[in-house]
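To keep things clear, I will list the structure first and then write my remarks on it.
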Amino acid sequence: MGAQWVGVTYTNQNSCAAQSATLLNITINPMPGPAGNITGATEFCAGTQGVVYFTTPIQDALVYI
């Protein structure tokens, strides 16, 4: 995890290889933790909008959809 890099090289259809690998700096983030129980309304009328549900915060998650 953290700062890492990826190297890419190639050989084209004419068997010409890259002179050197292209390096790309990347950041590896930890996998999100498990989601908690979801709570909220279990019954509502068809067409209802704006129904809100809740869960506990999920470690290392930025959004939850």
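Evaluate the following for Thr39: is it surrounded by 10 or more Cβ atoms within 10 Å (Cβ to Cβ) and at pLDDT 90 or above? Spelling it out, Thr39 is indeed surrounded by 10 or more Cβ atoms within 10 Å (Cβ to Cβ) and at pLDDT 90 or above. Looking across region 1-33, the residues that are over 30 Å from Gln59 (Cβ atoms), of a type in the set (S, T, N, Q) and outside any loop (DSSP other than H, G, I, E, B) come down to Thr11, Thr22.
Being open to solvent by 60 Å² or more (accessible area, probe 1.4 Å), assigned to a loop (DSSP other than H, G, I, E, B) and of a type outside the set (Asp, Glu) is the filter here, so list the residues in region 42-60 that pass it. Spell out how you get there, then give the answer.
Here is the first cut: in region 42-60, the ones open to solvent by 60 Å² or more (accessible area, probe 1.4 Å) are 42-50, 52-54, 56-57, 59-60.
Then drop every residue that is not assigned to a loop (DSSP other than H, G, I, E, B), which leaves 42-50, 52, 56-57, 59-60.
The answer is Thr42, Phe44, Cys45, Ala46, Gly47, Thr48, Gln49, Gly50, Val52, Thr56, Pro57, Gln59.
Contact map, region 1-12: first residue β-branched (Val, Ile, Thr), second residue open to solvent by 90 Å² or more (accessible area, probe 1.4 Å) and outside any loop (DSSP other than H, G, I, E, B), Cβ cut-off under 6 Å, separation 6 or more or different chains; pairs are Val6/Leu24; Val8/Thr22.
Screening Val63 against (1) within 14 Å of the chain's Cα centre (by Cα); (2) at pLDDT 90 or above; (3) among the hydrophobic types (A, V, I, L, M, F, W, C); (4) open to solvent by 80 Å² or more (accessible area, probe 1.4 Å) leaves a single unmet condition, (2).
The values are calculated or read from the model by the stated rules, or taken from the named source; none is laboratory data. Computed from a predicted structure; not experimentally measured. A quick note on method: Cβ atoms are made from the backbone with ideal geometry, for glycine too, and the neighbour counts reach across all protein chains shown. SASA here: full protein model, heavy atoms, side chains in, ligands and nucleic acids out. Shrake-Rupley method; radii C 1.70, N 1.55, O 1.52, S 1.80 Å.
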